[in-house]
Amino acid sequence: MLIFIVGFMSVEIQAQNAKSTPFTITESWVVDPANFKEDFDAQIRHVAAPFPSGASEKSFLEEQKRKSAELYPRRSAQGATRSTRGVEDTVTVLDSFAVRFFINDNIMVGGTPNDNTLAISNDGMLLASYNSQVWGYDINADTFLFRPTNPHPSFVAFTNNYGEPNLSAGSNPFDPKLYYDPGRDRFVFLFLSDGRDTTNSGTVIGFSSTNYPSDPWYLYRLSGNPFGDGTWTDYPQIALNDHSLYLTLNQLNGPDWVTNFDYTLVWQLDLEDAFAGEENLESVIHTGFEYEGKSLKYMRPVKTAFGAQGDDMYFVTNRPRAIANDSIWLHRITGAVGETNDISTELIISDVDYGIPPYAQQANGNTFWTNDARPLGAIRVQDEIQFVGNSINHETGLAAVFHGVIEDVNNPTLKGHIISDPEMEFGFCNIEFMGVSDHHRDMLINFNHTSPNHPAGNASVVYTNDREYGPVQLLVEGETYVDMIPNSFDENERWGDYIGLQRKYNEPLIAWTAGYVSHGNQRAGTWISKVRMPIDIDTIINQGVENYVVNGDTFSDLKGTLVPLAIESDKIDKKPIVFPNPARDMVNVEFDVSNMAEVRAEVYSINGQLVEQLINQRVRAGKNVFSFNLAPFPPGVYIIKLTSGSELIHSEKLIRN
């Protein structure tokens, strides 16, 4: 496994034209998952979600990837510097499993892309989300969260039953984010509304009222066009500090990301009022993040090591579409909501170039789409920030991970590192602090992996306190190549766009991750792992932090309790086109249409009587997936029919057990 490292850099200060605007959020409501109605959760989604940046941006990135491949062709990595660390510097896998349906234990097939995110509380309440569903599990009680009739609710079910006017049956909200605040012992959950234009774009954000996710949530809707300037919202990212939640968004004034990207904005929300469920929530919107008169995009908010801490919030941006670049911008916002806010931006020059990654290879000539080189995860410990993003290894031409270390935010210098492999390609990474005091710099870097000989899964690298890298460790390897998108639509499978990663704040050295994995039926889903860092408790105590307290226990008290559990793995089941069948809850039906069409889905009794019309929705040409919840139906045999006008698209017998 290869770690390419160099170390030198320069910095210059960039003045910018920032503005902070007070804003009152008035769209709010309360949702109680314990009272979820029986929900068919009927939806049709195109097998490939709309490319987030539009067709023109996709074409631009494809051309950039072509040019990059000419300049940096794939080649042997012989002679490159290898990691000096051994297997003793890899994590121990304590638990590992696929995300599955409630009751019938069938694996939940993800979307294209998965958009994985994860949060876990100190009490072991685990939430995972991908595409447009929330999956909850109590790891201590070994039970699912939420009601049996709606155990893994869709975003629409999570909101629409309570009158959210901008989400309706047939909506396809996307881009979920989960966050756990250990100080307040509460969750945050958000996603984008279905709209991709100025009339219906927005962000729905929820704050849990207690530490139990099945208790009520306070929800707010943030307009995608808050200034009435004809823009709409995309690409949400969040982080918290002591007093505020910060949400970064890209604003577009049309459908094309090349010509219609307008500016970046940052929402700042008061946390105390949000977690209290105040009906009108005070906030600030920050704008003006520019360099040489051009707006910077894809701002990555920086998490803090021990949860929501500090008064300032930092952000990192780069040149995400560059073939090779060394520029990183560090932004800082000071002050709470209602106070005077100060915004600064600094340009930092990396000693190692990053660049737009190539398509990542699978078996059988299949490839993955790798997006661009934007930062995908960032963490701050005292005055040091570490971040990761997709990149190319310019020496080998393979998709890799760029790891940057800004050693002092007050006098920033940047050391860049490329995490790569002679054969496997990496992408869609995240980073989490895993030390036990703010004097430590131990990090866990997780990412997806693929190659013709290694089916898609996810992996990790340990970055140690003495600034060295452990070898790349595969947490899970898939079964075969992924082939969910017809080549007529796109030759590349969607691979990302995120990987969930969070430390267990009250369990030293423990982290949970949710990443991408291929299944045996050429589909993909979410794989969750619980891992332990390779740090010896005796070493920690000898370093003088024996009085560091976790939930009332010192590390001396905890010594001997951190014994790795047996590794538990799950089999990956194959699925037919209608799956699962028989079923008790969620069912998926894959189908193709040659042109855009109105599709109606209906359930009939075995005698041909109409039982329920589930959905009537316009769908895009190509492969789509219709899904709905069988739980409200009595056990028996049914016929599921999909039609378009007078044309029968699909009809199949379905058993509700």
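The values are calculated or read from the model by the stated rules, or taken from the named source; none is laboratory data. Keep in mind that what you see is a predicted model, and the values were worked out from it rather than measured. Note that each Cβ is placed from the backbone with ideal geometry, even for glycine, and that neighbours are counted across all protein chains shown.
Of all the criteria given as (1) closer than 30 Å to Thr480 by Cα; (2) free of Cβ contacts under 8 Å to residues at least 24 places away in the same chain, the one not satisfied by Asp342 is (1). If you go through the stretch 607-642 and keep only what is touching a His at 6+ places or on another chain (Cβ under 9 Å) and among the β-branched types (Val, Ile, Thr), you end up with Val619, Val625, Ile640.
Please go through the stretch 264-286 and pick out each residue that is surrounded by fewer than 19 Cβ atoms within 10 Å (Cβ to Cβ) and closer than 30 Å to Lys58 by Cα. Result: Ile285, single match.
The listed residues are Arg321, Arg300, and the only one of them that is crowded, with 17+ Cβ neighbours inside 10 Å, under 21 Å from the mean Cα position of the chain (by Cα), at pLDDT 95 or above and not assigned by TED's automatic domain parsing to the domain that holds Val30 turns out to be Arg300. What do you reckon, is Glu12 surrounded by fewer than 17 Cβ atoms within 10 Å (Cβ to Cβ), acidic (Asp, Glu) and at pLDDT below 85? Against the criterion (surrounded by fewer than 17 Cβ atoms within 10 Å (Cβ to Cβ), acidic (Asp, Glu) and at pLDDT below 85), Glu12 qualifies.
Each row is one residue, and each column tells you yes or no for (1) of a type in the set (Ser, Thr, Tyr); (2) assigned to a loop (DSSP other than H, G, I, E, B); (3) farther than 23 Å from Ile349 by Cα; (4) not assigned by TED's automatic domain parsing to the domain that holds Ser529.
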| residue | (1), (2), (3), (4) |
| --- | --- |
| Gly404 | no, no, no, no |
| Phe426 | no, no, yes, no |
| Asp438 | no, yes, yes, no |
| Thr450 | yes, no, yes, no |
| Gly457 | no, no, yes, no |
| Val482 | no, yes, yes, no |
| Tyr498 | yes, yes, yes, no |
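Scoring Gln382 on the criteria (1) surrounded by fewer than 22 Cβ atoms within 10 Å (Cβ to Cβ); (2) more than 21 Å from Phe433 (Cα to Cα); (3) at pLDDT below 95 leaves a single failure, condition (2).
Please work out which residue is modelled with the lowest pLDDT, limiting yourself to the stretch 101-157 and to residues that are assigned to a loop (DSSP other than H, G, I, E, B) and of a type in the set (D, E, K, R).
Among residues in the stretch 101-157 that are assigned to a loop (DSSP other than H, G, I, E, B) and of a type in the set (D, E, K, R), the one modelled with the lowest pLDDT is Asp105.
Please count how many residues of the stretch 311-329 are of a type in the set (Lys, Arg) and in a strand (DSSP E or B).
0
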